[in-house]
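Asks: Mind having a look at this structure? Questions to follow.
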């Protein structure tokens, strides 16, 4: 997946110089935050791939590193997944060209026509624009699907609109998924995401207590995103695209004094011996096992970890 980072890079883009007059120099575009890349987003992305194939162009997403609500309303919800995690999920969904923008005044004040002419036509050579069912682009959200259809007729690109995706009779939304994860309802989050909620972070060197206990762990500080409540979980760890069963503690490690108050994710991957220091690790929370708690001594903690591993293995096999 090619990443175009920032409005300046986008406006300076010359796809013909890079690719010639080929399919790679044309785009079919969808625009949005895509927070969580949930089932509603996945349906839209599937339509994007179909439209790109029909119009012989590259499936392209324009998304934002900051939530537009922060600029428009002065506050924004916490993201369901971090921006690097979102990039990974969009790539898995088949997006081949990703434009990552900061929502800032230059972009905020573009009229729908300016956006269509400068971004869609001049920079991305857009053959098709796929809008969400509730999309409104451009200054003061004046760019309705109907207005973009008219601009598309004039400027030479096709415009289509997606439809809402419902689960249990309700439209899937990032807001409802955010609330489900925060209260620990992994099953509901899974039904709306199409996958279990997860976290992404870089593995850092810890105190290596897990290794001394006989259960080596990969320690990571999760990138900013909504997390389930602190506790011990049966999880899946994704390393280089391969999924491994694991158990994880999410919390502040209260048994050890001086561990600090920062939330850490400690992951013990079953039957795994690779060195993960400095590498990105993605963790999917499958099932809550127990509260995080303080133990009186190392032996008590060791026995509990062995029980957690047995319970997590059983859960992940079921």
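Asks: Under 8 Å for C-alpha pairs, at least 6 residues apart: give me the relative contact order for the chain, rounded to a whole percent.
Replies: 16 percent
Asks: Take residue 275 and residue 155, extend 7 Å from each Cα along the Cα→Cβ direction, and tell me the distance between the two endpoints in nm.
Replies: Between residue 275 and residue 155, the label points sit 5.1 nm apart.
Asks: What distance in nm separates the two pseudo spin-label positions at residue 91 and residue 303, each 7 Å out from Cα along the beta-carbon direction?
Replies: 4.5 nm
Asks: Rounded to the nearest 10 degrees, what's the angle between the helix 145-155 long axis and the longest principal axis of the chain, both from Cα atoms, 0 to 90?
Replies: The two axes meet at around 50 degrees.
Asks: Expressed in nm to one decimal, what extension gain is obtained for the pair residue 133 and residue 163 from 0.36 nm per residue of sequence separation less their Cα-Cα distance?
Replies: Stretched fully, the residue 133-residue 163 segment lengthens by 10.3 nm.
Asks: Shifting gears a bit: Helix 39-55 versus the longest principal axis of the chain: what is the Cα-based angle in degrees, 0 to 90, to the nearest 10?
Replies: Taking Cα atoms only, the helix is inclined about 40 degrees.
Asks: Is the C-alpha gyration tensor of the range 197-317 telling us rounded, prolate or oblate? Criteria: a/c under 1.5 is rounded; beyond that, a/b larger than b/c is prolate, otherwise oblate.
Replies: Details: a/c = 1.31, a/b = 1.18, b/c = 1.11.
Here the range 197-317 falls in the rounded category.
Asks: Using label points projected 7 Å from each Cα along Cα→Cβ, tell me how many nm separate residue 16 and residue 78, to one decimal.
Replies: A separation of 4.8 nm, rounded to one decimal place.
Asks: Pull up the DSSP beta bridges for the chain and report the antiparallel fraction as a percent, rounded to 5.
Replies: 60 percent
Asks: With a ≥ b ≥ c taken as the square roots of the eigenvalues of the C-alpha gyration tensor of the range 109-227, please select rounded if a/c is under 1.5 and otherwise prolate if a/b is larger than b/c or oblate if it is not? Before the final figure, lay out the partial values.
Replies: Details: a/c = 3.64, a/b = 2.08, b/c = 1.75.
Taking the square roots of the gyration eigenvalues as a ≥ b ≥ c, the range 109-227 is prolate.
Asks: Using every alpha carbon pair in the range 2-167, what percent of pairs falls into each 5 Å bin from 0 up to the bin containing the largest distance?
Replies: 2, 9, 18, 23, 23, 17, 6, 2, 0
Asks: Normalised by the empirical 2.2 N^0.38 Å for globular proteins, what value does the Cα Rg of the chain take?
Replies: 1.13
Asks: I'd like the orientation of helix 298-317 relative to the chain: the angle between its Cα long axis and the longest Cα principal axis, in ° from 0 to 90, rounded to 10.
Replies: Here the helix axis deviates by roughly 50 degrees.
Asks: Indicate the gyration tensor shape class of the range 274-316 (rounded, prolate or oblate), computed on the Cα atoms with a ≥ b ≥ c the square roots of the eigenvalues: a/c under 1.5 is rounded; otherwise a/b larger than b/c is prolate and the rest oblate.
Replies: On the way: a/c = 2.04, a/b = 1.37, b/c = 1.49.
Oblate, since a/c reaches 1.5 and b/c is not below a/b.
Throughout, read-outs are computed from the coordinates displayed, never taken from laboratory work. These numbers were taken from a predicted model, which means no experiment stands behind them. Ideal geometry is used to build each Cβ from the backbone, glycine not excepted, and the neighbour counts take in all protein chains shown.
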